[in-house]
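Let me begin by presenting the structure, written as structure tokens, before commenting on it.
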Amino acid sequence: MARFSAGKAPFIRIADEKNQGTQVIMRDFIIGLLPIILFAWYKNGIKVYLEGNVSFLEMLYPLVFILLGGLISFLMEGLFFMITDPKLRELKPLMNKISTSFALIPGLLLAMVLPLYTPIWVLIFGAFMGTIVGKMLFGGFGHNIFNPALLGYIAVGFTLIGVINANGGVMNQSEVLIDAYAGATPLSLLANIKTINYDQLVTPYGTLWNFFIGTIPGALAETGALAIIIAYVWLSYRKVLKWFTPLIYVGTVFIVSWVLGAVVGDGGVWFPLYSILSGGLMFGAVLMATEPVSSPKNPLGKVFMALLLGVLTVLFRYVGNYPEGVGTSLILLNIFAMPLDRFSATIRAEGYNKKSSIIKITLFLLFVLAIAAYAIIKANGMYTAGGII
Amino acid sequence: MIVQKAKGIHIDGRKSMSKELPLQDYLNPQFVYIHLLRQTESLKRVVEVGEYVRIGQVVALREGWGPLPIHASVSGTVTAVKKVWHSSGKMVDAIEIKNDFLGAMDDSITPEKDPSSLTKEQLVEKMKQAGLSGLGGAGFPTFVKYQSKLPINTVIINAVECEPYITSDYMMIDRYPEKLLKGLHYMMASVGATRGVVAYKAYNSHITDVLTPFLPLYPGIEIYLSKDIYPAGWEKYLIQQITKKTYNSLPSEAGAIVNNAQTAMVFADMVEHNVPLIARGITITGEGIKQPRNFLVPIGTPVKDLIEQCGGYIDGLDSTKTNYIAGGPMTGRAILIDDLIVNDTLGSVIIRPIPDPKLSVECMGCGKCADACPVFLTPTEIWHASERGDIEAVKRLKASKCMGCGLCSHVCPSHIDITDFVDKAKALIRKGA
Amino acid sequence: MNQKENFLKGFIKENPLFVSVLGTCPSLAITTSVENAIGMGIAVLFVLVLSNWIISMLMVNEKMREWIKPVRIPVFIVVIATLVTVVEMVMHAYLVSLYESLGVFIPLIVVNCIILGRAEAFASTNKPVSAIVDGAGMALGYTFALLLISLVRELLGSGTLTIWGDLSLNLRFLFDFLRITPIDMFTKPVGAFLTFGFILAVITALSNAKQAKLKKAVK
Amino acid sequence: MKAYFQKNKLLLLFSSILILIFVIGGIYSRFMTNQITFHQYKDLFVGTTNLVEYTPEEEVDSTVLGPDTSLVRSFKAYVGQEHKGYIYVVETKGRMKGLQIAYAIDLATDQVVGVKVMQSKETPEYFSRLTPEFFNQFVNYDLFVVTISIDTTAGATVSSDAFRVALQYARMQYMKDTDFALPTKLVEVNSVRYNTDFATLGSNPIIVNITDLSTNKTMDVSVSGVFNFIQVLTPGMPTPSVDALLEMKNDLSLNYLSYSRVYAVSFDSDSLQLVVRTRGYAGNITFTFVLNAEKTAIVSTASIQSVESYEDGGYSNHGSVPGLETYLLNRYLNNQSIDTTAGATGTFNGMTRLFTYLDLIFSGNGGQ
């Protein structure tokens, strides 16, 4: 007699529908990346080509670089599966496995946050640190503590940035320095002059419109705020990411830096705008902070994480030694994602109107406020409003 | 999203397929099988093999905290006591009755002379005599609710049918609108409630049309239109929406009783004609059969017969390639063989082709389950905590709040049976406690 | 167990660093160059062979064993510390640069788990000859492990291979040929942990595979 | 062997693709880097068709020019097959470390033909003051000039001085790479002083003691505020050659720049009017003082001409220009202490220099 009972309720699952499920999420994610990739290609390749500065082969390079990043991490994951699991040495099971483990994404993202003209071996090294060390050694997709792309980026950033600098290239005048660390990006300018003044921070790059479009120095794809916003709209429409996480993250940075700007400088709205449009904030908020595996699972936890990310980014950016604080705060909060998840899940399950929940939420918000206040007070001593002379 | 208000998810109803044809009577199956099981309690058989039984004759007794008599649904000879499948997935003893197609009634089935003069206690007694238990799916003995010591002022008829596919309540109300209101009227009388509510989904405006002519006859009865979301028919949700009150364990704390629509109809029959629970409406639907429709059948009818009545399977499908879902698709149970018998809690059978095996994918932590949960739990956290065996954490995460609606599994993009893991966590609490 | 097996077990089967994971602190700290690994290996070889021999001589008699047992740890420490002091002084006198680069890790051999562990687990219950063979095998296995780590770290970290003193191999041309540069990270503690972890993983995977094969053969 | 390939073909395929990416991608990336380099440097050397990077056989001992100066890259520039010149990328320290400047030097004429900033961490505010004129002075700059002298840009002195140091380095490297040698020195500057004699102070503001190496004679000459030769003061000495005087000017502007910051323009002995010019932040500030008969103190200030910048309300609230100058001058005249004025360091420095100068010439005349 056949087995009497089969399968588990519910029998209608969204995942069974045509345009749902894990693979569809991956497809949607890659579609969401397209505008950013195209922007990176336009900024670093096509635009320079149209201005007549480079040859056709050179024009293709940014695109090839990003795609190579994806391919490298794909191959590495495949090799890892083949070496560790004898069952996966045939093409079909291997492809099934890889297609459900988002193999392309870490490499693509990594290539997008690295400067153009990073040597290929550095890219391979970064992909290795991200995919193998950061993802597969932790148990594969779904078990990684850190965002693989971010881990690769940090590994490259802390060990091989000199190599990238030595290879760093110039294509046209607007991008004398493409490298995020080398010193010509808006944020490192701020870190150098420690002055919050529109004429000194924004005018060298034109207007804030250039910041929005993305024609300012920075890594391959991180400057294109417009392209990232398009990706954000698509990804939240397809429900690949929760719409409020990037919004709260960017909003927190906006508000805290507005206060910071008002305390130190002239308090104009340009400073928070400058703050959210420069560096990798937009990119990190939309594509890194929403990475599902390494961030809290429940909505309240996501809100908590986004708030913390916002204030920590301001703290690391304006008070720390390095010009960019997005990567550091992300990797720090990746570690705390699990406790944060448990903390917020308990509050959520108990109900917000319970006394204990109110106390917990209040304490958390006070903590966030304390960090923000510390950042502002500290920055007040470090920055000046800056007049001429 | 993150603000805590009652919520749910709209699921494609797929109800139209079984609404095309009207309710069909199928009152005389060849054999009926009366399961000797109600909820989790075994019944005491009171008839012997070879005995002749009439419709409405007591054949078994439920004992324990909710004692009920169980009645024969056709007249004929008890031919055997054998093990048959129950929709809960177990094999249980059942009384097999061979129908003699005479329709002989038991003596107790006589019209009541003056139903309106019955007292509360008499009505509750009738409820008990009818062997009435919740026809919605839980199978909870109905009279127990009406013995509540707390004051009850609202009786709610739950005809929401929030699960997809199922239309039996809708079809039954369509045919017997007055019986529903009568049943509700008697139910209100048996507990002294002043307010009666019939709740169903807003898009079923047809029901409003058929009920409206009878509403003036029964004072205190109103209509509540619910949103088209799942789980709108959840008892707690319904009471919260209608009475604006919430409760912890029992609906009576909020002064309300919720009953299924068909329960009310059976009760109306019982009060006026002394007909106990012998038949119910059932939906036979799904993509796997030619003509889905609803039936009014005696309890104990084999589903196989009903599938034949529906015109059989679609081309290229036979019973070996078919999945039979007993109950709703969200909370029911999939069964691979058609040896299924209609019992008191089986409101629908959905026949679908066996789906392809799915790739197993790791949890990617998208958090859609936490987002969908109507009681604001975080299923992944509960799952991890129960895997660690951390009972304290499971308790802190309020796993006991879960009502098993299945939405978390429903929305999971990775085909993970999260509902199952949460059930295990709940079992862990029970074991630990 | 014959003496050959006794000697060889220290290399892979019971490798003090990779299998028992003993004495990791000095191992990770000093493996920035091959020279350091060789120097450390020689020091450990000297101390381990002699301490094993002396301790097994002390404990060879049943009566002595009974007598020493309650105070055996102090006794072992005294023996080892004496030997380590000898090594330290000799090194300071004749191999100054090595002495300086190994630094505090030479005196710390006293509390190295490998030496005390072998004394406790093997030398105190075995005959002097076996103890010497065991000590030599273990020390050489440890050296082998150090060499493995230091080879990777020095090659990737600074692009050279310093074998002894001036005898060093500059492999920068290889890097230049491949258009890459040494990865600074490998000379830092991060690189030590990464290298150690990867070698550990490979060795564990290999031994797991071997055991699975054995199990299959038995079945 | 064949069986092994059969068994592990997928593994081998994946590995070989990875190696292929490493090799071909590496070559592509390398090619790209070379292309970028070419695009970066080609406009330095007009008509260059090929750049070959090389490591100099002998590097300059950079400690001469300070620890922060070093050669980053060096190229040989070719037009077709013909070796035309060199490009040196020198890293030095301006206001910040890491200022990289590339100089292209033409082999045929020993001239600097192009200069370009490759990387800078300087404050854009100051750096943007380096005008095209500043860079144009490098075009066809003759390395044959004995002492390198470039006109610094006001407000960006430190940054523009870095260009001089880097050019010095590039020239030293160029000397090592080619058989280029500097010509012999024509003149030696021994000392520089201000003229404190009111009789000649207006016409000969600065007096330089030089040794004309061609005739080996030591003499005093007077130069103007911008180090232009005026006349020989030591009697009986021949006027040095024009080349020698040019070299002297270079040397002065290189090593004695501070003397050009403040100097007397004229002195009228009848009206006792002394005109002194000092260098402020934005330009020259010219004072006209009326002195007492003993020429030891200032009686009154006739006029102050200033082009200092106009901040709203004057810097540090001293009223409109020349509010700060007047304020400081009054404090000086009343023997009050003079503190740095925040936000007006340039003007303040100019004023203190002026006071030192005034002290000098008054005390040279017996005053306080």
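Every number here is computed from the coordinates shown, using simple stated rules; none is lab data. Since the model is a prediction, treat every value here as computed from it, not as a measurement. Methodologically, a virtual Cβ is constructed for each residue, glycine included, from the backbone with ideal geometry; neighbour enumeration extends over all protein chains shown.
Mind checking which lysines have their C-alpha under 19 Å from D:Lys176, skipping anything on the same chain fewer than 8 residues away? Qualifying lysines at Cα under 19 Å: D:Lys76, D:Lys84.
As a proxy for reagent exposure, B:Ile34, A:Ile120 were ordered by neighbouring Cβ count within 10 angstrom, fewest first; the result is A:Ile120, B:Ile34. Each of C:Trp67, A:Trp121, A:Trp234 was scored by other Cβ atoms within 10 Å of its Cβ. Arranged with the fewest first, they read C:Trp67, A:Trp234, A:Trp121.
Please get the size of the charge dipole for the protein assembly as shown, origin at its Cα centre, with Cβ charges of +1 on Lys and Arg and -1 on Asp and Glu, quoted in debye to the nearest 20.
Numbers: 117 positive and 111 negative charges, 1088 e Å.
The calculation lands at about 5220 debye.
Label separation (A:Asn380 vs B:Asp228): 5.7 nm, computed from points 7 Å beyond Cα along the C-beta direction.
Take chain A and mark each of the GluC sites (Glu not before Pro) that is in a DSSP loop with at most 14 other Cβ atoms within 10 Å; the longest unmarked stretch, sites excluded, is A:91-389. Under 17 Å of direct C-alpha separation, and excluding same-chain neighbours fewer than eight residues apart, D:Lys9 reaches these aspartates and glutamates: A:Glu77, A:Asp85, A:Glu90. Dividing the mean sequence gap of close Cα pairs (under 8 Å, 6+ apart) by how many residues chain C holds gives a relative contact order of 32 percent. Of the trypsin sites (Lys or Arg not before Pro) in the range B:310-374, the ones in a loop by DSSP (not H, G, I, E or B) with at most 14 other beta carbons within 10 Å are B:Lys358. In a DSSP loop and with at most 15 other Cβ atoms within 10 Å, the trypsin sites (Lys or Arg not before Pro) in the range D:22-118 are D:Lys97. On a 29 Å Cα-Cα criterion, which of the cross-link pairs A:Lys92/B:Lys321; B:Lys7/B:Lys149; C:Lys210/D:Lys2; B:Lys368/B:Lys426; A:Lys135/C:Lys219; C:Lys9/C:Lys69 come out too long? Exceeds cut-off: B:Lys7/B:Lys149; A:Lys135/C:Lys219.
Sequence-distant contacts, meaning Cα pairs under 8 Å at least 6 residues apart, place the relative contact order of chain A at 15 percent.
Output the antiparallel fraction of DSSP beta bridges having both residues in the protein assembly as shown, as a percent to the nearest 5.
Numbers: 113 of 136 bridges.
About 85 percent, rounded to the nearest 5.
Computed from Cα positions, the angle between helix D:323-333 and the longest principal axis of chain D comes to roughly 50 degrees.
From the alpha carbon centroid of the range D:72-91 to that of the range B:78-131 is 105 Å.
What's the local net charge at B:Asn153, with K and R +1, D and E -1, over the other residues with C-beta under 15 Å away? Walk me through the numbers before you get to the answer.
On the way: positive: B:Lys120, B:Lys145, B:Lys149, B:Arg195, B:Lys244, B:Lys245; negative: B:Glu222, B:Glu253.
Result for the neighbourhood of B:Asn153: +4.
Summing charges over neighbours of D:Leu107, with a neighbour being any other residue whose Cβ is under 10 Å away from its Cβ, gives -2 when K and R count +1 and D and E count -1. Phi angles across the range A:129-139 convert, under the Karplus curve 6.51 cos²θ - 1.76 cosθ + 1.60 with θ = phi - 60°, into 3J(HN,Hα) values of 4, x, 6, 7, 6, x, 10, 5, 5, 7, x Hz, Gly and Pro given as x.
Projecting the Cα atoms of B:Gly220, B:Ala193, B:Thr208 onto the dipole axis of the range B:183-250, where Lys and Arg carry +1 and Asp and Glu carry -1 at the beta carbon, places B:Ala193 farthest toward the positive end.
Beta bridges assigned by DSSP with both partners in the range B:115-273 are antiparallel in approximately 5 percent of cases. Taking Cα atoms only, the orientation of helix D:9-20 departs from the longest principal axis of chain D by about 30 degrees.
Label-to-label distance, C:Val90 versus D:Thr200, with points set 7 angstrom from Cα along the beta-carbon direction: 8.4 nm. Considering only C:Gly117, C:Gly165, C:Gly103, the Gaussian network model of chain C with Cα springs below 10 Å gives its largest mean-square fluctuation to C:Gly165. One decimal place: the segment C:Phe177-C:Lys219 gains 10.0 nm when fully extended, by the rule 0.36 nm per residue minus the C-alpha distance. Residues in the range B:395-421 near a label at B:Trp65, defined as backbone nitrogen under 11 Å from the 7 Å Cα→Cβ point? Correct set: none at all. In whole Å, how far is the Cα centre of the range A:123-165 from that of the range B:31-63? Computed from Cα coordinates, the inter-centre distance equals 68 Å.
Cβ distances below 4.7 Å define possible disulfide partners, and in chain B the cysteines left without one are B:Cys162, B:Cys310, B:Cys363, B:Cys366, B:Cys373, B:Cys402, B:Cys405, B:Cys412. Pairs exceeding 26 Å between alpha-carbon atoms, taken from A:Lys97/C:Lys188; B:Lys19/B:Lys227; A:Lys43/D:Lys42; A:Lys8/B:Lys431; B:Lys227/B:Lys431: A:Lys97/C:Lys188; B:Lys227/B:Lys431. Residue order for A:Glu291, B:Glu125, D:Glu57, C:Glu5, fewest other beta carbons within 10 angstrom first, comes to D:Glu57, C:Glu5, B:Glu125, A:Glu291. When each full DSSP H helix of chain C is screened for a Cα extent of at least 15 Å along its own axis and an average Kyte-Doolittle hydropathy of at least 1.6, the helices passing are C:34-58, C:72-94.
If you run the Gaussian network model on chain B, springs between alpha carbon atoms under 10 Å, then out of B:Met187, B:Met364, B:Met105 the most flexible one is B:Met364.
Distance from the C-alpha centroid of the range B:275-333 to that of the range B:210-226: 31 Å, rounded to the whole angstrom.
Relative contact order of the range D:1-150: 14 percent, from C-alpha pairs under 8 Å at least 6 residues apart in sequence.
Springs between alpha-carbon pairs under 10 angstrom, Gaussian network model over chain B: which of B:Asn204, B:Asn153, B:Asn28 fluctuates most? Ranking B:Asn204, B:Asn153, B:Asn28 by mean-square fluctuation puts B:Asn204 first.
For chain B, what proportion of DSSP beta bridges, expressed in % and rounded to the nearest 5, is antiparallel?
Details: 42 of 64 bridges.
DSSP beta bridges in chain B are roughly 65 percent antiparallel.
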